[in-house]
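Notes follow the structure.
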Amino acid sequence: MQRTTMDLWVGLFVVMGVIALMILSLKVGNLNAYNPSQSYLITGNFENIGGLKIRAPVKSAGVVVGRVTDIQFSTQTYDALVTMSVDSRFTFPKDTFASILTSGLLGEQYIGLAAGGDEAILKDGDKIIKTNSAMVLEELIGRFMFDKASESK
């Protein structure tokens with residue numbers, strides 16, 4: 001009887017651990033609730049998207065307002081064309097600035113939208129002109145080392 005009770009508790013503990021890992025993986029994988037049924041698509045060209053992935057959040061003032069739906073390489077401009085689905089409850093001016101930012105300890109990358117002051121509003125299919133590419137750690141280290149090497153001469 002004692003052994004059966006111990007086995008039951010160990011089994012429950014293992015099941016709870018598996019459930020906790022599943023919840024954690026859903027959180028890390030950005031699979032939390034977002035309903036794209038009432039949304040509009042906007043695009044933006046970025047010179048470097050770093051580690052941005054499809055389904056990455058689109059945020060404004062820290063609030064998730066949409067998701068990245070597609071990333072393609074543009075053969076006309078030789079940069080990345082990112083398509084974003086933005087919830088129709090949120091409207092942004094045409095001069096909105098889009099930046100690829102990093103958050104969290106795991107380095108999750110997302111698109112941050114900073115609203116401008118234009119009276120015209122972005123509509124379905126519009127393109128954001130003002131974009132800021134991702135900060136790539138290797139480039140920053142390379143610049144730092146190059147600057148230090150040039151100072152010592």
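The values are calculated or read from the model by the stated rules, or taken from the named source; none is laboratory data. In this text the structure is predicted, and so the values were computed from the model without any measurement. Quick reminder, even Gly has a Cβ in these numbers, built from the backbone with ideal geometry, and neighbours come from all protein chains shown.
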Just name the residue that is modelled with the lowest pLDDT out of those in segment 84-114 that are loosely packed, with under 14 Cβ neighbours inside 10 Å and over 20 Å from ASP124 (Cα atoms).
LEU105
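Could you tell me whether GLY107 is out of contact with any strand residue (DSSP E or B) (no Cβ under 9 Å at 6 or more places or on another chain) and under 22 Å from ALA61 (Cβ atoms)?
Yes, satisfied.
Please go through segment 64-99 and pick out each residue that is among the β-branched types (Val, Ile, Thr), touching a residue at least 24 places away in the same chain (Cβ under 8 Å) and assigned to a strand (DSSP E or B).
Applying the first criterion (among the β-branched types (Val, Ile, Thr)) to segment 64-99 yields 64-65, 68-69, 71, 75, 77, 82-83, 86, 91, 96.
Next, only the ones that are touching a residue at least 24 places away in the same chain (Cβ under 8 Å) stay: 64-65, 68-69, 77, 82-83, 86, 91, 96.
Scanning segment 64-99 gives VAL64, VAL65, VAL68, THR69, VAL82, THR83, VAL86.
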Condition first: farther than 30 Å from SER37 by Cβ and either in contact with a helix residue (DSSP H, G or I) (Cβ under 7 Å, 6 or more places away or on another chain) or surrounded by 10 or more Cβ atoms within 10 Å (Cβ to Cβ) (or both). Can you find one or more residues in segment 61-77 that meet it?
yes
